[in-house]
Amino acid sequence: MLEWRNIPKGFVMGICDLIPGVSGGTIALVLGIYQSLIHAINGIFTREWKKHFLFLIPLGLGIGLALLTVSHLMNWLLEAYPKPTFFFFLGLLLGIIPSLLKEVNYKESFKPLHYGLLGLAAIAVAATTLVRDDSLSAIMTDLGWLDYALLFFSGWLASSAMILPGVSGSFVFLMLGVYPTVIAALSAFHIPIIIVVIMGIGIGLILTSKIIRYLFLHYKVGTYAVMIGFVVGSIAVVYPGLATDLFTLLLSLLAFGGGLGSAYYLATYEKKGLVKSGQG
């Protein structure tokens, strides 16, 4: 039976994957479906493939719906209100860190090694700000096969980032110079580009999920430590700086509070059992 309640979860993940610096994998952790997602992707080529597809199809529908419908809104928000938009996600990231620490019961499970892994992961993600280019590349036109190869490879790399909490697939697109092209293709429903990028994303998801699945099975606490570090480090990536005018500053503070409130709501929603951890 299809798990239709995964559609809104996928929708939220899809929105986050549109924002450079924000990870849909982080939201999957908060919603309590991250390990189920990894397990389902790994199970596509097993005898129980039908069960895993029943979990993934609604999630994929939600993500696809967000990518096709919210891309216009995200374009507008990033152009008209970039700082408040990023402050909302900054609040969301800060607000979910306590939930992630509780998930792994860090006070009892964390050893000095795990704190070290968390710190190194945070530094690694935060260091990407040193290579970030805030000026967007031009939209690619008159694409040849080399351009499509770049888009396929970009989708491959971006999917590896999308599935890791705290690591943004959109940021990978941004660094590779294809972000405007991908967003424009989604907005204009440019089928060839969308298909090529989706093919790259699909292959990347399958390969990366196998690695993460192995790490969760054999090094659960260490894997959580690294992923929490990714989230902490992504705060530096998302932080847009303070606004200079009072209106934008107040709007940014309200958006930041909205992000914190959303994180609290998601955590409370999960605790009530409406979102079952590890079961989607």
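Here is a check on your reading of the model: is I41 touching a His at 6+ places or on another chain (Cβ under 9 Å) and either under 22 Å from V231 (Cβ atoms) or surrounded by fewer than 17 Cβ atoms within 10 Å (Cβ to Cβ) (or both)? So I41 fits the description; yes. When L68, L100, L94 are checked against the criterion of being touching a residue at least 60 places away in the same chain (Cβ under 8 Å), open to solvent by 50 Å² or more (accessible area, probe 1.4 Å), within 15 Å of L29 (Cβ to Cβ) and part of a helix (DSSP H, G or I), a single residue qualifies: L94. Of all residues in the range 230-252, none are at pLDDT below 80, part of a loop (DSSP other than H, G, I, E, B) and either among the hydrophobic types (A, V, I, L, M, F, W, C) or open to solvent by less than 30 Å² (accessible area, probe 1.4 Å) (or both).
Residues of the range 41-71 that are out of contact with any Leu (no Cβ under 9 Å at 6 or more places or on another chain), under 30 Å from I139 (Cα atoms) and not small (G, A, S): L61, I63, L65, T69. For the range 187-207, the tally of residues that are in contact with a helix residue (DSSP H, G or I) (Cβ under 8 Å, 6 or more places away or on another chain), part of a helix (DSSP H, G or I) and farther than 15 Å from S154 by Cβ stands at 3. Could you say whether any residue in the range 33-40 is over 26 Å from I139 (Cα atoms), at pLDDT below 85 and outside any helix (DSSP H, G or I)? Yes, the conditions are met somewhere in the range 33-40.
The values are calculated or read from the model by the stated rules, or taken from the named source; none is laboratory data. Keep in mind the model is a prediction, meaning the values are calculated, not measured. Ideal geometry is used to build each Cβ from the backbone, glycine not excepted, and the neighbour counts take in all protein chains shown. SASA here: full protein model, heavy atoms, side chains in, ligands and nucleic acids out. Shrake-Rupley method; radii C 1.70, N 1.55, O 1.52, S 1.80 Å.
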